[in-house]
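The values are calculated or read from the model by the stated rules, or taken from the named source; none is laboratory data. Since the structure is predicted, the reported quantities are computational estimates derived from the model, not experimental observations. Here Cβ is always computed from backbone atoms with ideal geometry, including for glycine, and neighbour counts include all displayed protein chains.
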Amino acid sequence: MMLVAKNADYRFKKNETAVIFITEENLKKKKGLYAERLPFISAKIDLTYFRGREGEILFIPLLDEPNFIICGLGKTAETDRESFRRASSSVIALCRDKMIGEINYLLPDIEKFPEEDALLSLAEGASLSNYEFIRYKTPGTESKFSFVEKLGFCSSVKNAPSILKKTGTISENALLCRDLVNDITEKASPLLIASEAKKLAKLKNMSCTVYGKKELEKMKMGLLLAVNKGSKVPPRLVVLKYRGNPGSKKSIACVGKGITFDSGGMNLKPSGHMETMRMDMAGAAAVLYTLKTAAELGLKKNIYGVMPLTENMLSNDSYRPGDVFRSYNGKTVEVGNTDAEGRLILADALAFTEDKLKPDCIIDMATLTGACIVAFGETVAGLLSNSDDLAETISEAAEVTGEKVWRLPLFKDYEEPLKSDFADISNIPSKKEAGTIAAATFLKNFVTRSCWAHIDIAGTAWYSAPRGYIPRNATGYGVRLLTEVIERWK
Ligand code: BES
Ligand code: ZN
Ligand code: ZN
């Protein structure tokens with residue numbers, strides 16, 4: 001979607017479409033109806049039945065005048081970035097349904113709501129709703145796939161072009177993240193993801209290293225290799241490095257779980273639980289597109305993106321429950337359950353990241369536990385951290401992007417159940433409880449940094465039903481959040 005800044009006093013031609021956003025209070029006062037520029041609104045149209053509730057829409061096509069759409073923003077006191085994003089998405093849904101390819105927003109006039117924030121949120125909500133995964137639909141067989149191609153913003157915001165450029169870049173990368181997570185396992189394999197990462201090395205200040213099976217064996221990444229044993233497709237470990245601040249020694253690393261298909265392995269998942277498991281690489285996808293975003297925005301930060309990639313398959317060669325493997329950091333792990341594979345590949349990746357890349361701070365993102373969905377549902381991610389500062393930064397960033405997180409504790413109490421009779425640690429706890437915390441507690445054994453956070457996105461990475469500007473299936477969760485965290489990280 002093209003986002004274009006226009007003058008505040010832009011004059012509409014008769015075949016164009018103007019979109020007005022208005023709160024319930026302003027509607028009553030008839031404030032913000034743009035009476036001078038769109039005189040026909042107040043003169044000829046009866047707005048009695050329009051109440052201005054959030055997302056309420058009136059579409060008025062007119063002969064010999066510009067068409068116009070009026071969209072409610074709800075009560076002034078309840079407006080925030082999220083309600084703007086949602087309202088904007090109602091407009092886009094209408095326009096896509098009516099096949100209107102080009103529209104122009106007039107910014108609402110709300111006291112105490114900065115116009116810059118309104119611009120940004122409306123643009124974000126629009127871009128994120130203008131999406132459909134149509135790669136495998138034969139062209140021409142579906143008529144309903146229309147997209148809004150061009151969205152203008154009539155405003156007096158001075159830096160509107162740069163705000164729109166930045167918002168556009170971040171949103172487009174969130175959509176690319178959705179594409180990769182939605183794509184089929186045959187295509188979105190460890191090899192493809194590695195080659196996509198390699199392509200990013202062309203961006204300014206970016207470089208990429210891909211480790212194959214032989215190198216992983218040499219580096220003794222026993223856990224990633226164990227999970228890969230049952231798979232025909234070889235594993236990859238991808239490291240993207242973005243040096244946006246060469247003068248500084250400080251760096252932050254993002255690590256993403258990249259299970260391109262999770263069958264469960266020998267502890268095979270039952271029907272109903274396996275069908276969507278190509279999404280189990282959503283953490284890696286979020287990391288990949290966060291690094292791309294950072295480079296395209298030219299962020300002045302040093303960032304690593306680390307992606308351990310493999311399928312978790314069932315075959316003669318699969319690893320078994322009861323097996324013991326040695327991780328990159330030397331600890332031995334008993335496999336209590338082959339379906340708890342994400343924490344295994346992350347353990348190796350985290351230990352590698354600390355040892356080889358030596359960042360000041362590590363954030364990992366992973367579709368790690370079904371328990372996280374039980375606890376939070378699909379709209380909130382689990383946050384676990386050994387640093388109050390980092391947890392706070394992530395929570396604040398999440399508040400801004402609308403990608404909600406909620407913190408869970410990492411008390412010592414949760415360590416005991418992970419003890420193993422045969423190895424240093426087991427990958428599942430002896431008691432089936434506190435699954436999300438148990439997984440994070442397992443990971444804790446592979447980080448020594450005092451600035452680490454784990455974000456469990458099992459629920460938020462994939463929606464079973466659409467919600468506002470996020471459609472069903474892959475959500476692209478994490479790209480906007482990680483970008484915002486990195487920008488805020490000092
Ligand atoms: N990839 C799954 C977690 C998951 C479940 C993500 C549903 C998204 C939706 C993970 O590898 C897994 O299978 N976890 C097990 C752990 C258990 C065996 C301790 C789980 O949550 O059941
Ligand atoms: Zn699993
Ligand atoms: Zn998994």
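Report whether or not Lys250 is away from ligand 2 (no atom under 16 Å from the Cβ) and assigned to a loop (DSSP other than H, G, I, E, B). For Lys250, the condition - away from ligand 2 (no atom under 16 Å from the Cβ) and assigned to a loop (DSSP other than H, G, I, E, B) - is met.
Being within 12 Å of ligand 1 (Cβ to nearest atom) and farther than 27 Å from Val239 by Cα narrows it down to one residue among Pro409, Pro429; which is it? Show your work before the answer.
Numbers: Pro409 fails: within 12 Å of ligand 1 (Cβ to nearest atom).
Step by step, each of Pro409, Pro429 is checked, and only Pro429 is within 12 Å of ligand 1 (Cβ to nearest atom) and farther than 27 Å from Val239 by Cα.
Of all residue pairs spaced 6 or more apart or on separate chains, those with beta-carbon atoms under 6 Å, a first member in segment 341-356 that is in a helix (DSSP H, G or I) and a second member that is of a type in the set (S, T, N, Q) and surrounded by fewer than 24 Cβ atoms within 10 Å (Cβ to Cβ) are Ala351/Asn329.
When segment 11-37 is filtered for residues that are surrounded by 14 or more Cβ atoms within 10 Å (Cβ to Cβ) and more than 23 Å from Met99 (Cβ to Cβ), the ones remaining, listed by number, are Ile22, Thr23, Glu24, Glu25, Asn26, Leu27, Lys31, Gly32, Leu33, Tyr34, Arg37. Put simply, of Val238, Val255 the only residue that is closer than 21 Å to Ile363 by Cβ, in contact with a Ser or Thr (Cβ under 8 Å, 6 or more places away or on another chain) and within 16 Å of ligand 1 (Cβ to nearest atom) is Val255. Scanning segment 104-117 for residues that are touching an Asp or Glu at 6+ places or on another chain (Cβ under 8 Å) and not in a loop (DSSP other than H, G, I, E, B) yields one hit, Asn104.
Select from segment 361-394 the residues that are over 15 Å from Val479 (Cα atoms) and among the hydroxyl-bearing types (Ser, Thr, Tyr) and write down the one among them that is nearest to ligand 3 (Cβ to nearest atom). So, considering only residues that are over 15 Å from Val479 (Cα atoms) and among the hydroxyl-bearing types (Ser, Thr, Tyr), the one nearest to ligand 3 (Cβ to nearest atom) is Thr369. Note on segment 25-54: residues that are outside any loop (DSSP other than H, G, I, E, B), over 19 Å from Asn104 (Cα atoms) and touching a strand residue (DSSP E or B) at 6+ places or on another chain (Cβ under 7 Å) total 0.
The condition of being of a type outside the set (D, E, K, R), buried (at least 20 other Cβ atoms within 10 Å of the Cβ) and either over 23 Å from the mean Cα position of the chain (by Cα) or closer than 20 Å to Gly264 by Cα (or both) holds for only one of Pro471, Pro429, that being Pro429.
Close Cβ contacts (under 8 Å, 6 or more residues apart or on different chains) running from residues in segment 458-475 that are within 16 Å of ligand 3 (Cβ to nearest atom) and modelled with pLDDT of 95 or more to residues that are assigned to a loop (DSSP other than H, G, I, E, B) and of a type in the set (Asp, Glu) comprise Gly459/Glu378; Thr460/Glu378; Thr460/Glu403; Trp462/Glu378. Of the residues that make up segment 268-276, is at least one touching a Lys or Arg at 6+ places or on another chain (Cβ under 9 Å) and either under 22 Å from Ile455 (Cα atoms) or not acidic (Asp, Glu) (or both)? No, segment 268-276 contains no residue that is touching a Lys or Arg at 6+ places or on another chain (Cβ under 9 Å) and either under 22 Å from Ile455 (Cα atoms) or not acidic (Asp, Glu) (or both).
Taken as a whole, the structure leaves Gly168 outside the set of residues that are modelled with pLDDT of 95 or more, on the phi > 0 side of the Ramachandran plot and touching a Ser or Thr at 6+ places or on another chain (Cβ under 9 Å).
Tell me the residue from Ala284, Ala351 that is more than 16 Å from ligand 1 (Cβ to nearest atom) and under 29 Å from Glu433 (Cβ atoms), please. Give the derivation first.
On the way: Ala284 fails: more than 16 Å from ligand 1 (Cβ to nearest atom).
Only one candidate qualifies: Ala351.
Here is the figure for segment 367-405: residues that are of a type outside the set (Ser, Thr, Tyr), more than 12 Å from ligand 1 (Cβ to nearest atom) and over 18 Å from the mean Cα position of the chain (by Cα) total 5. Would you confirm whether or not segment 409-425 contains a residue that is aliphatic (A, V, I, L, M), surrounded by fewer than 22 Cβ atoms within 10 Å (Cβ to Cβ) and free of Cβ contacts under 8 Å to residues at least 60 places away in the same chain? The answer is yes, given that some residue of segment 409-425 is aliphatic (A, V, I, L, M), surrounded by fewer than 22 Cβ atoms within 10 Å (Cβ to Cβ) and free of Cβ contacts under 8 Å to residues at least 60 places away in the same chain.
Anything in segment 216-244 that is in a strand (DSSP E or B) and either of a type in the set (Val, Ile, Thr) or crowded, with 23+ Cβ neighbours inside 10 Å (or both)? List them, or say none.
Hits for segment 216-244 are Arg236, Leu237, Val238, Val239, Leu240, Tyr242.
Taking segment 398-408 as the search range and keeping residues that are surrounded by fewer than 19 Cβ atoms within 10 Å (Cβ to Cβ) and of a type in the set (D, E, K, R), which one is farthest from Ala439 (Cα to Cα)? Selected residue: Glu399.
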